[in-house]
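To start, the structure itself, in structure tokens.
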Amino acid sequence: MGNLLKSLGLNHIHIIEREDPQLKSLVELSKSLRNVELVPVVSLLNGVISYRLSCKGEDYWAEFSRSVVRYLSDKDPSSAVISFLESSKCNRLFKEVKKARIIKLRNLGFINELISNLSIYSRDLKRLWLLLANSLGSNKVSKTVVFAVKMFYYGWFASFNEWLSIPKEVPIPLDVRVAKATLNSGLLKVNNLKHPKLINRLISGTYRRMAINAWRLVSELSCIPQLNIDSVVWLSFNDDVIDRVIAKLPDECIPVILKLVKMIRGD
């Protein structure tokens, strides 16, 4: 997998990322706002509460893009995200816990710090990552923490049409799709465990550290940051996106992406 990703290269992975429905939703949000600098901020805040959803992630971010813009005109970013959460049909579970996370970031000054120094943090995503983890009191490899950094990265591109440099230290967000890819690709092999049980152990249990280390090695071998690898993994499970990606990539890249998709999906 490392060799295939290295052969594909970061510039071509950016073509793949452009087809991510989540990014497309943030582009639409950016078009709806006068102050586009708010997009990476609210993208990060929504990333912090993007877990245990009641619909697909693609649909959730489309709902977010359509809805949050109504609240941003007369509310600060944290209040706007909370108002969206209260009305969200895709994010129904643990709403009070999720609201408390946003309020905690506001009360600790994280949000004001980010808005005041947005350009600085855009050039130092590692610093943003560590500050976010510390402010939440969360493990820095927590799925929601690293996913929030990725959504800041997407939000920045949606606003400024610029790809930020992602530090290699930021780990992949280990969710169900990444866990499946870990097993399907043979990055991690564990005997005598039924597949659904192993998925759970990869996400939050016994084998989590091993899975994270496996993807770190893939990143090192490919010279591709893990959050960029996550985009390839995540979108490999979406047939419509794959078709659009194939139409956009140069001919020489098509065999590479098809091999990657087959490996990730275990076909």
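Annotations
- Across region 122-133, a minimum of one residue is classified as closer than 23 Å to residue 207 by Cα and not assigned by TED's automatic domain parsing to the domain that holds residue 208.
- Residue 115 being touching a residue at least 24 places away in the same chain (Cβ under 8 Å) and on the phi < 0 side of the Ramachandran plot: yes
- Wholly enclosed helices (runs of 4 or more DSSP H) of region 77-148 bearing at least 2 residues surrounded by 15 or more Cβ atoms within 10 Å (Cβ to Cβ) and of a type in the set (A, V, I, L, M): 77-87, 95-107, 110-116, 125-136
- For residue 50: the one exception among (1) under 18 Å from the mean Cα position of the chain (by Cα); (2) without any contact (Cβ under 8 Å) to a residue 60 or more places away in the chain; (3) crowded, with 16+ Cβ neighbours inside 10 Å: (2)
- Within region 59-74, the set of residues being among the aromatic types (Phe, Trp, Tyr) and either under 15 Å from the mean Cα position of the chain (by Cα) or loosely packed, with under 15 Cβ neighbours inside 10 Å (or both) comprises 60, 61, 64.
- Within region 167-178, the set of residues being assigned to a loop (DSSP other than H, G, I, E, B) and within 12 Å of the chain's Cα centre (by Cα) comprises 170, 171, 172, 173, 174, 175.
- Members of region 244-267 found to be surrounded by 15 or more Cβ atoms within 10 Å (Cβ to Cβ) and small (Gly, Ala, Ser), listed by number: none
- Residues being without any contact (Cβ under 8 Å) to a residue 40 or more places away in the chain, outside the structural domain of residue 235 (by TED's automatic domain parsing), crowded, with 19+ Cβ neighbours inside 10 Å and under 20 Å from the mean Cα position of the chain (by Cα) are entirely absent from region 19-33.
- Selection status of residue 110, within 18 Å of the chain's Cα centre (by Cα), at pLDDT 90 or above, over 17 Å from residue 233 (Cα atoms) and not aliphatic (A, V, I, L, M): no
- Hits in region 23-64 - residues which are charged (D, E, K, R) and in a helix (DSSP H, G or I): 24, 28, 31, 58, 59, 63
- Within region 149-186, being closer than 22 Å to residue 19 by Cα, among the polar types (S, T, N, Q) and surrounded by fewer than 19 Cβ atoms within 10 Å (Cβ to Cβ) holds for 161, 165.
- For region 201-227, filtered to residues that are surrounded by fewer than 15 Cβ atoms within 10 Å (Cβ to Cβ) and modelled with pLDDT under 85, the residue that is nearest to the chain's Cα centre (by Cα) is 204.
The values are calculated or read from the model by the stated rules, or taken from the named source; none is laboratory data. Being a predicted model, the structure only gives us computed values, none of them experimental. A quick note on method: Cβ atoms are made from the backbone with ideal geometry, for glycine too, and the neighbour counts reach across all protein chains shown.
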